[in-house]
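Peer 1: Submitted below is the structure of interest, expressed as structure tokens.
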Amino acid sequence: MSKPTTVPKAEMPKPTRRAGGGTTESMGSGSQLRMAFEEPTSDRRSGTTSAMMMEQVVSRQNMLTAYRRVVRNAGAAGVDGISVEDLGSYCNEHWETIRQQLLEGSYRPQSVRAVAIPKPGGGERVLGIPTVIDRMIQQALLQVMTPLFDPYFSEASYGFRPGRSAHGAVAAAREHIEAGYRWVVDIDLEKFFDRVNHDVLMARVAGRVRDKRVLQLIGRYLRAGLLQEGVTSPRREGTPQGGPLSPLLSNILLDDLDRELERRGHRFVRYADDCNIYVRSRRAGERVMASLEVWLAKHLRLKVNRSKSAVERPWKRTFLGYSVTHNLRPRLKVAAESVRRMKTKLRQMLRRGRGRSLQETIATAAAYLRGWMAYFSKAEVKGVFEDLDMWLRRKLRRIVWKQWKTPRTRMRELQRRGVNRAKAGRSAYNGRGPWFNAGAPHMHLALPTTVLTGWGLPSLIQLHQRFSLH
């Protein structure tokens, strides 16, 4: 599962700087975002009830917060072609009309642009990209709805919630395993975001939202058409990933599952639609799997993907990119699948770097490595980082060896970098392939780790030590 973004808190962020100076409220020739979100004096109230939620959604402070969040997150344009950079001027011109439509309950969202992205395990996932104005309105809804729903969510739910993260989820999972629950019921919901039943979801939302205009607007967002290959298709189920509101809606629906697991007394951890239940035996796990499959189909109209779900030892499964050791006190480690995925990504980066200087390619890879290492900073098994450091240095030495092309050039470059003439000649004319030579002593001598570090290559083991301190 892709790791999507943490739900933001409904607070006024500091103005975000844009390239070249100024804030996200600056537009074009430097004119400021006018008071587009200012509500008429007659509309201002000291408090807001659940039945008057739309007034809170369109309030000036809430809309400014939503606007800044959308600009900061950037992202592609929707079906109307309006970019994030154009959002400020668009609001100046059209917001008052849109605001009035929202208050009257007549606003209709535009279709969602479909974008297919590859899934880590193979296949494709369809993201729905709303227009920037709809992203801003969804963000404004999210900021008002989160305080209404989030305090009542289960403590075992970690995905897309303020102050919670994947790190907390994997730490909780390890605690359950250490407590003796050394079998996991790993449930994968089949095409969850495509199969969400609108009626079931809206019934849950209506449990806390009384404003019919808000309910009507959310319903319209759920049913907004999906534009794919030039054809707009109506939606009768599902909530495509890509809009700010989708993560909260998924938590609202799956909170029923959390409550059912709590009622049964299970130990579990859920992050979005990834749910792991920890039990003491395989037989108990198989009973849980069978009963939950029936319960999900009956109560939430969701289907368990049996090919991706399993009752297994937790060290044989992957949860949010992590796995664990089988010790009595299990330690977190990077799952083998995550390592393979990371290597594939780096190979692609290095191939795309052909024609550029090696330092530029390293700079691109370094940014990815820092983000990857920040996510896996909770891993307690460190050997994988040392292995990856050696693998990546060898990949870079291989690139340099291939860039030298001819034996004569290789001999000259090896000598220039401190290899004696005789050894440089034998190495340059040894007839072995680039990968062999990249791992050979002559390339280690010619391109030591200090040189690669000087070119900007970070050490994963050092990054792990740095992130572990925070």
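Peer 1: Over all directions, average the projected area of the Cα convex hull of the range 338-395 and note it in nm². Display every interim value, and only then the final one.
Peer 2: Numbers: hull surface 15.5 nm².
Projected over every direction and averaged, the Cα hull of the range 338-395 covers 3.9 nm².
Peer 1: Quick check: at a probe of 1.4 Å, how many percent of the accessible area of the range 357-470 sits on carbon and sulfur atoms? Intermediate values should be presented prior to the final figure.
Peer 2: Numbers: 3270 of 6010 Å².
In the range 357-470, the share of accessible area belonging to carbon and sulfur is 54 percent.
Peer 1: Measuring from label point to label point, each 7 Å out along Cα→Cβ, what is the Arg412 to Gln359 span in nm?
Peer 2: A separation of 2.2 nm, rounded to one decimal place.
Peer 1: Can you give the translational diffusion coefficient of the range 100-181 in µm²/s, computed by Stokes-Einstein from the Kirkwood radius over Cα pairs at 37 °C and 0.692 mPa s? Mind dumping the intermediate values first?
Peer 2: Working: Rh = 16.5 Å.
Once the numbers are plugged in, D ends up at 199 µm²/s.
Peer 1: Computing the accessible area with a 1.4 Å probe over protein heavy atoms, can you report the carbon and sulfur percentage for the range 282-342?
Peer 2: Numbers: 1660 of 3390 Å².
After summing per-atom areas, the C and S share lands at 49 percent.
Peer 1: Now a separate question. Between the range 189-212 and the range 293-368, what is the C-alpha centre distance in whole Å?
Peer 2: Centre-to-centre (Cα) distance: 29 Å.
Peer 1: Name the residue from Gln359, Gly238, Tyr322 whose Cα lies farthest towards the positive end of the charge dipole of the chain, charges +1 on Cβ of Lys and Arg and -1 on Cβ of Asp and Glu.
Peer 2: Comparing the listed Cα positions along the dipole, Gln359 ranks first.
Peer 1: Here's something else I'd like to know. In Å and from the alpha-carbon atoms only, list the Rg and Dmax of the chain.
Peer 2: Radius of gyration, then largest Cα-Cα span, for the chain: 26.6, 89 Å.
Peer 1: Additional query: Size of the range 368-470 along its principal axes in angstrom, Cα-based, largest extent first?
Peer 2: Extents along the principal axes, in whole Å: 49, 22, 19.
Peer 1: Compute the orientation-averaged projected area for the range 143-273 from the convex hull of its Cα atoms and round it to one decimal in nm².
Peer 2: On the way: hull surface 37.3 nm².
One quarter of the hull surface, i.e. the mean projection, equals 9.3 nm².
Peer 1: Given points 7 Å out from each Cα along the Cα-Cβ axis, report the Ala374 to Leu103 separation in nanometres with one decimal.
Peer 2: Spacing of the two 7 Å Cα→Cβ label points: 4.0 nm.
Peer 1: In nanometres, what is the gap between the two model label sites at Thr232 and Lys343, each 7 Å from Cα along Cα-to-Cβ?
Peer 2: Computed distance between label sites Thr232 and Lys343 equals 4.7 nm.
Peer 1: In addition: Using a 1.4 Å probe over the heavy atoms of the protein chains, calculate the carbon and sulfur portion of the accessible area of the range 152-211 as a whole percent. Please report the intermediate quantities before stating the final value.
Peer 2: Details: 980 of 2240 Å².
Percent of accessible area from carbon and sulfur atoms in the range 152-211: 44.
Peer 1: What 222 nm value per residue comes from the helices of the chain, counting each DSSP H run with n ≥ 4 as -39,500 (n - 2.57) and dividing by all residues, nearest 500 deg cm²/dmol?
Peer 2: Details: 19 runs with 225 residues, N = 470.
Dividing the helical sum by the residues of the chain leaves -15000 deg cm²/dmol.
Peer 1: Another question, then. So if I average 1/r over every pair of distinct C-alpha atoms in the range 203-342 and take the inverse, what Kirkwood radius in Å does that give?
Peer 2: 18.0 Å
Peer 1: Leaving out ligands and nucleic acids, and using a 1.4 Å probe, what accessible area per residue does the range 117-274 come to in Å²? Don't jump to the answer; show the numbers that get you there.
Peer 2: Values: 5900 Å² over 158 residues.
With all protein chains present, the range 117-274 gives 37 Å² per residue.
Peer 1: Using alpha carbons only, what's the Rg to Rh ratio of the range 225-301 with Rh from Kirkwood?
Peer 2: On the way: Rg = 16.2 Å, Rh = 14.7 Å.
Result for the range 225-301 is an Rg/Rh of 1.10.
Peer 1: Sticking with this structure for a sec: With a 1.4 Å probe and all protein chains left in place, how much accessible area per residue does the range 425-467 have, in Å²? Could the numbers behind the result be given before it?
Peer 2: On the way: 2210 Å² over 43 residues.
With the other protein chains kept in place, the range 425-467 gives 51 Å² per residue.
Peer 1: Taking the Cβ of Gln139 as the center, what net charge do the other residues with Cβ under 11 Å away carry, scoring Lys and Arg +1 and Asp and Glu -1?
Peer 2: On the way: positive: Arg68, Arg69, Arg72, Arg135; negative: Asp134.
Result for the local shell: +3.
The values are calculated or read from the model by the stated rules, or taken from the named source; none is laboratory data. Computed from a predicted model, the values in this text were never measured in an experiment. Quick reminder, even Gly has a Cβ in these numbers, built from the backbone with ideal geometry, and neighbours come from all protein chains shown. Just so you know, the surface numbers come from the protein's heavy atoms only, side chains and all, with ligands and any DNA or RNA stripped out. Shrake-Rupley method; radii C 1.70, N 1.55, O 1.52, S 1.80 Å.
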